[in-house]
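Undergrad: I'd like to ask some things about the structure below.
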Amino acid sequence: MNYAVLFGLYWIAGLACFVNSFNIAGASFGFMLVIVTVPFLGMFLVNRFRKRVCGGLLTFTRGYMFSLLLYFYAALLLAVGVYLYFEFLDGGSFFNSYMAYLDSPEVKRLFETGGMEQLAGGISLKDMKNIAEAFQDLSAVAIAANILDFSIFSGLIISLPTALLAMRRPKL
């Protein structure tokens with residue numbers, strides 16, 4: 001559980017970068033850095049568990065279960081952080097910032113040239129605004145539940161290669 005608290009706090013730092021990415025220039029880079037490094041940090045924590053708790057030996061099953069619980073508890077902490085942020089701290093500023101971003105001349109110019117629609121999978125600027133308005137109507141509990149679901153599901157998948165790479169058997 002101690003490992004998961006550190007992991008969850010790291011994810012919450014990523015959340016802080018994400019929600020400030022429209023207002024602070026380097027925050028989106030910080031968010032992307034957290035997203036890219038999460039599997040590596042998870043691997044580091046599983047290896048640390050193997051060395052400190054398991055005496056250097058770790059079966060696939062034990063490694064998978066530890067990694068799975070690591071991602072599960074971190075996802076719970078992230079969901080609590082998301083709920084607390086959107087319920088008590090945000091006050092609609094995140095979605096207002098996102099709508100202002102979509103209304104900016106740079107984004108409008110990108111959509112007019114057609115390059116952005118190709119990157120967005122054929123979604124127009126109007127469609128993106130409609131999606132943002134639909135998300136704005138979600139409650140903090142619904143947003144936190146969606147984040148929790150996605151985090152647990154991705155943890156199920158990421159835990160497989162983590163357990164395979166961290167596995168160490170006794171030498172015969």
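The values are calculated or read from the model by the stated rules, or taken from the named source; none is laboratory data. Source: prediction; values computed, not measured. Don't worry about glycine lacking a Cβ; one is built from the backbone with ideal geometry, like all the others, and counts go over all protein chains shown.
Undergrad: May I ask you to list pairs of residues, at least six apart or on different chains, whose Cβ atoms are under 8 Å apart, with the first in segment 19-43 being closer than 19 Å to Gly81 by Cα and the second being surrounded by 13 or more Cβ atoms within 10 Å (Cβ to Cβ) and among the acidic types (Asp, Glu)?
TA: Listed pairs, sorted by first residue: Val19/Asp90.
Undergrad: Further, regarding this structure: Which one is surrounded by the fewest Cβ atoms within 10 Å (Cβ to Cβ) among residues in segment 4-50 that are of a type in the set (Gly, Ala, Ser) and more than 15 Å from the chain's Cα centre (by Cα)?
TA: The first filter runs over segment 4-50 and keeps only residues of a type in the set (Gly, Ala, Ser), leaving 4, 8, 13-14, 16, 21, 25-28, 30, 42.
Then keep just the ones that are more than 15 Å from the chain's Cα centre (by Cα); that gives 25-26.
Working: Ala25: 8, Gly26: 11.
Step by step, filter segment 4-50, then rank; the result is Ala25.
Undergrad: Here are Ile24, Ile12: which of them is over 23 Å from Leu164 (Cβ atoms) and part of a helix (DSSP H, G or I)? If you could, list the steps in order and put the result at the bottom.
TA: Details: Ile24 fails: part of a helix (DSSP H, G or I).
Only one candidate qualifies: Ile12.
Undergrad: Lys108 is checked against (1) modelled with pLDDT of 85 or more; (2) loosely packed, with under 15 Cβ neighbours inside 10 Å and fails just one. What number does that condition carry?
TA: Of everything listed in (1) modelled with pLDDT of 85 or more; (2) loosely packed, with under 15 Cβ neighbours inside 10 Å, Lys108 misses just condition (1).
Undergrad: Sort out which residues of segment 132-149 are exposed (fewer than 12 other Cβ atoms within 10 Å of the Cβ) and among the hydrophobic types (A, V, I, L, M, F, W, C), and write them in order of number.
TA: The one that is exposed (fewer than 12 other Cβ atoms within 10 Å of the Cβ) and among the hydrophobic types (A, V, I, L, M, F, W, C): Ala134.
Undergrad: Does segment 56-71 contain at least one residue that is basic (Lys, Arg), surrounded by 16 or more Cβ atoms within 10 Å (Cβ to Cβ), out of contact with any helix residue (DSSP H, G or I) (no Cβ under 6 Å at 6 or more places or on another chain) and farther than 16 Å from Asp149 by Cα?
TA: Quick first cut of segment 56-71, residues basic (Lys, Arg) only: 62.
Add one more test, that the residue is surrounded by 16 or more Cβ atoms within 10 Å (Cβ to Cβ), and what stays is 62.
Remaining after also requiring out of contact with any helix residue (DSSP H, G or I) (no Cβ under 6 Å at 6 or more places or on another chain): 62.
Checking the rest, the ones that are also farther than 16 Å from Asp149 by Cα come to 62.
The answer is yes, given that some residue of segment 56-71 is basic (Lys, Arg), surrounded by 16 or more Cβ atoms within 10 Å (Cβ to Cβ), out of contact with any helix residue (DSSP H, G or I) (no Cβ under 6 Å at 6 or more places or on another chain) and farther than 16 Å from Asp149 by Cα.
Undergrad: Looking at the structure I just gave you, is Ala74 among the aliphatic types (A, V, I, L, M), under 23 Å from Phe22 (Cα atoms), in contact (Cβ under 8 Å) with a residue 24 or more places away in the chain and out of contact with any strand residue (DSSP E or B) (no Cβ under 9 Å at 6 or more places or on another chain)? Explain how you work it out, then say what you get.
TA: Working: among the aliphatic types (A, V, I, L, M): yes; under 23 Å from Phe22 (Cα atoms): no; in contact (Cβ under 8 Å) with a residue 24 or more places away in the chain: yes; out of contact with any strand residue (DSSP E or B) (no Cβ under 9 Å at 6 or more places or on another chain): yes.
No; evaluated as a whole, the condition is false for this residue.
Undergrad: Looking at (1) at positive phi; (2) crowded, with 18+ Cβ neighbours inside 10 Å, which is the only condition Gly92 fails?
TA: Going through the list (1) at positive phi; (2) crowded, with 18+ Cβ neighbours inside 10 Å, Gly92 breaks only (2).
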